[in-house]
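Asks: Have a look at this one before I ask anything.
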Amino acid sequence: MRRRVFLSGAAAVGTTGARPALGQGEGEARLIAEKFAASLSAHDIEAFAALFAEDYVNHQKSAAAPAPAVGKSQKQATVDFFHSRLIGMPDLRVTTEIVIATADKAAASFVYEGTHGGLFFGVAPTGRRLRFTSCDILRIQEGRIAEHWGMGDIAGVLAQLKP
């Protein structure tokens, strides 16, 4: 019986296009992910930096996101990394393909698009249009990004930068 009630409820939602209401935390987590993309698209590095808690932890350790230099916080290393993207692609636009949120986490697929007009990953400007994606999980605490797990398409970026 429970299955029938669930399926009929799911069918009703599917046919009307209605979405269940988001809990307050889910809305906040979703909003932070959307602000992540919007602040980068606006090239507002100060607004971008303000999204992160001072004790932010970046769990992504890769060639795309190396550990911070000695004496530099993980927050500052992340802000510097994204600032270099803005320099490498002066017309950078970031959009969210999808965001899935819970009370304190948001999982998002971001699309980065722009023209390679500045030094990017050590490569001199090529003038090429670049498009790449990342999938990121953000833990939100007190309205700020407290932790990050993710992966970006570094291989795709480097392939697009090849002569």
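The values are calculated or read from the model by the stated rules, or taken from the named source; none is laboratory data. Fair warning: this is a prediction, and the values are worked out from it, not measured in the lab. No Cβ is skipped: glycine too gets one built from the backbone with ideal geometry, and neighbour counts run over all protein chains shown.
Asks: Looking at region 148-163, which of the residues that are part of a strand (DSSP E or B) and surrounded by 16 or more Cβ atoms within 10 Å (Cβ to Cβ) is modelled with the highest pLDDT?
Replies: Filtering region 148-163 for residues that are part of a strand (DSSP E or B) and surrounded by 16 or more Cβ atoms within 10 Å (Cβ to Cβ), the one modelled with the highest pLDDT comes out as 148.
Asks: Return yes when residue 145 is out of contact with any strand residue (DSSP E or B) (no Cβ under 6 Å at 6 or more places or on another chain), surrounded by 15 or more Cβ atoms within 10 Å (Cβ to Cβ) and either in a loop (DSSP other than H, G, I, E, B) or at pLDDT 95 or above (or both) and no when it is not. Give the derivation first.
Replies: Working: out of contact with any strand residue (DSSP E or B) (no Cβ under 6 Å at 6 or more places or on another chain): no; surrounded by 15 or more Cβ atoms within 10 Å (Cβ to Cβ): yes; either in a loop (DSSP other than H, G, I, E, B) or at pLDDT 95 or above (or both): yes.
Here the answer is no, as residue 145 does not meet what is asked.
Asks: Does any residue in region 48-61 that is touching a residue at least 24 places away in the same chain (Cβ under 8 Å) and within 12 Å of residue 79 (Cβ to Cβ) come within less than 8 Å, Cβ to Cβ, of a residue that is of a type in the set (Asp, Glu) and assigned to a strand (DSSP E or B) six or more places away or on a different chain, and which pairs are these?
Replies: What qualifies is 56/147; 58/147.
Asks: Report yes if residue 108 is modelled with pLDDT under 95, buried (at least 17 other Cβ atoms within 10 Å of the Cβ) and under 14 Å from the mean Cα position of the chain (by Cα), otherwise no.
Replies: Numbers: modelled with pLDDT under 95: no; buried (at least 17 other Cβ atoms within 10 Å of the Cβ): yes; under 14 Å from the mean Cα position of the chain (by Cα): yes.
So residue 108 does not fit the description; no.
Asks: Is region 50-71 home to any residue that is part of a helix (DSSP H, G or I) and either within 20 Å of residue 151 (Cα to Cα) or not hydrophobic (A, V, I, L, M, F, W, C) (or both)? Show your work before the answer.
Replies: Within region 50-71, the first condition is being part of a helix (DSSP H, G or I), and the residues that meet it are 50.
Filter once more, so that each one left must be either within 20 Å of residue 151 (Cα to Cα) or not hydrophobic (A, V, I, L, M, F, W, C) (or both): none.
No - not one qualifying residue is present in region 50-71.
Asks: For a quick check of your reading of the model, give me the residue pairs whose first member lies in region 121-150 and is under 12 Å from residue 88 (Cβ atoms), whose second is modelled with pLDDT under 95 and of a type in the set (A, V, I, L, M, F, W, C), with beta-carbon atoms closer than 7 Å and at least 6 apart or on different chains.
Replies: Filtered contacts from region 121-150: 121/157; 121/158; 121/161; 123/161; 126/161; 130/157; 132/157.
Asks: Which is at pLDDT below 80 and under 22 Å from residue 85 (Cα atoms), of 64, 21? Give the steps one after another, and end with the answer.
Replies: Working: 21 fails: under 22 Å from residue 85 (Cα atoms).
Just a single option satisfies the conditions, and that option is 64.
Asks: Another one. Taking region 111-128, which residues are assigned to a strand (DSSP E or B) and under 20 Å from the mean Cα position of the chain (by Cα)?
Replies: Our first condition is that a residue be assigned to a strand (DSSP E or B); within region 111-128, this holds for 111-115, 120, 123.
Matches in region 111-128: 111, 112, 113, 114, 115, 120.
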